[in-house]
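Note sheet for the following structure.
The values are calculated or read from the model by the stated rules, or taken from the named source; none is laboratory data. Just so we're clear, the structure is a prediction, and the values are computed from it rather than from any experiment. Heads up, the Cβs are rebuilt from the backbone with ideal geometry, glycines too, and the neighbour counts pull from every protein chain shown.
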Amino acid sequence: MAFVYRHPRSSFWWMCWVDSQGREQRASSKTKEEAEAKATADELERRARATAGRRAPPGSLTVERFFDETWLPLRQKIRPWQWKADRAAMRTHFLPQFGSRAIADLATDEGEVALLDWLIALREHPSQRDGTPIASRTVRNVASCVRMFFADAAERKVVRRNPTIGWDADRHLPPIEDKERGWRARAGFTLEQVVTLTTDPRIPEDRRVLYAIRFLGGPRPGEAANARWRNLYRAKRPLWRLTLESSFNSPMRREKGTKTGAELNIPVHPVLQRMLESWEASGWKEFMGRAPEPDDLIVPRADGKQRLVSTSYKQFLADLAAVGIDAQRQYESRATFRNLALSAGVPKYQVDLITHPKPTQGPDYYNRLDMLWSGLCGAVSAIDEGAWNGRPASLAERVTPEVTPRVTPEPPQKQKPPTSLENVGGKMEREKGFEPSTLALARRCSTTELFPQEAREGGGL
């Protein structure tokens, strides 16, 4: 029997009803009227009971069987990086209600109405994380999976027509917006917090280097995890260049192209350069037990493989807590880089060429990296180097027409040609939590090692 109740963290009435599989479901009614909430809960349970009575006759092709035997293998081929998310969406929000039904029945008029009722109620489905209604983006992603499911079924003549073809997204799906409104305006890290995350000895050195790459260059977590020593072009002036042509996909444990397929060419900030020099000279060897080679990852796990996004996130939260910074998404490193540069007066198009270089319009194809390089170096150098030695510059001092960072001279060297992408990581492995790090590693990178001149002059972090 459906019923409604008060939720301690909501002003709306909440509903409880039993779905077609006999499982209890709970969700917000989005109304403060008890009678209206109760009517909605009763209607959801009525529809669930009606659906539960429509079992597929013996021998007929069910929705779940077509999903397991045909559709999922197809998705693995055509969407090798996304099929796991599609599988989770279908199994969580669609198959519990329709998996046992004959797929052909859903292409009838009655089936179309049942699917439309499901679509309308989709925005009230509870999330597995906290039981609140799923976000609008999730609603649209699930609906898109179901539409593609029936499009493939119709293409293979499993159903006589696609029963979702008439869905009106503007009428029945919510607009794309954040589940928690306003959080983006409050997100991001200050320059002082970035300095802390890249220098505080309470954070292990390997992760300080990783944070410097992400906060001072803006690559995505998977792109930073796949950066190798051969990707550093040290002969480039006025700043080194970090070239990232691939990323690491954590769910699949494999290398792939970057998210947009574009090659990232990131000027190496002077602070990051000094950290990389110190990390390569001694820190990497202490962490891995041997000297680094060109094909080695710049910041690997303890076993030499790419860091998983999930593990990096756990470590990031632990490091934020250790230094007294409020928890945020690790993806805010990318947003922070962009906003630090923009707030220093860097033109937006220069920042875009670093973080989002894929051409999107005709004039973009006329960009020439070498001719624009000094401007991109200026964009990165606008993030005040003085903040790391206690002497932050004014805005006018930070944004200058010339970029004259300290760069360690090195004879020109040839870059290795890009290698083909390959399977990385061996067997699929489960998440193992934090990577081990010793106290000696956490304390090794001191102010004197990274900034010898500043230490002699009396400057500090």
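Results, tabulated for the structure shown:
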| quantity | calculated |
| --- | --- |
| Residue in the stretch 191-205 that is of a type in the set (Lys, Arg), closer than 26 Å to SER247 by Cα and more than 17 Å from the chain's Cα centre (by Cα) present | no |
| Index of the failed condition, LEU272 passing every other in (1) in a loop (DSSP other than H, G, I, E, B); (2) within 26 Å of the chain's Cα centre (by Cα); (3) within 30 Å of ASP364 (Cβ to Cβ); (4) among the hydrophobic types (A, V, I, L, M, F, W, C) | (1) |
| Subset of the stretch 318-345 [crowded, with 16+ Cβ neighbours inside 10 Å and basic (Lys, Arg)] | ARG334, ARG338 |
| Filter result for ALA227 (out of contact with any strand residue (DSSP E or B) (no Cβ under 8 Å at 6 or more places or on another chain) and aliphatic (A, V, I, L, M)) | no |
| Qualifying residue in the stretch 99-108 (condition: in contact with a Gly (Cβ under 7 Å, 6 or more places away or on another chain) and either more than 29 Å from ARG254 (Cα to Cα) or at pLDDT below 90 (or both)) | yes |
| Close pairs from the stretch 125-154: first in the same structural domain as ARG65 (by TED's automatic domain parsing) and touching a residue at least 12 places away in the same chain (Cβ under 8 Å), partner aromatic (Phe, Trp, Tyr) and in a helix (DSSP H, G or I), Cβ under 8 Å, at least 6 apart | PHE149/PHE67; PHE149/TRP71; ASP152/TRP71; ALA153/PHE66; ALA153/TRP71 |
| Filter result for ALA185 (at pLDDT 95 or above and not aromatic (Phe, Trp, Tyr)) | no |
| Boolean, VAL351 is surrounded by 13 or more Cβ atoms within 10 Å (Cβ to Cβ), at pLDDT below 50 and among the hydrophobic types (A, V, I, L, M, F, W, C) | no |
| Conditions (1) under 21 Å from GLU24 (Cβ atoms); (2) touching a residue at least 24 places away in the same chain (Cβ under 8 Å); (3) outside any helix (DSSP H, G or I); number of the one not met by GLN97 | (3) |
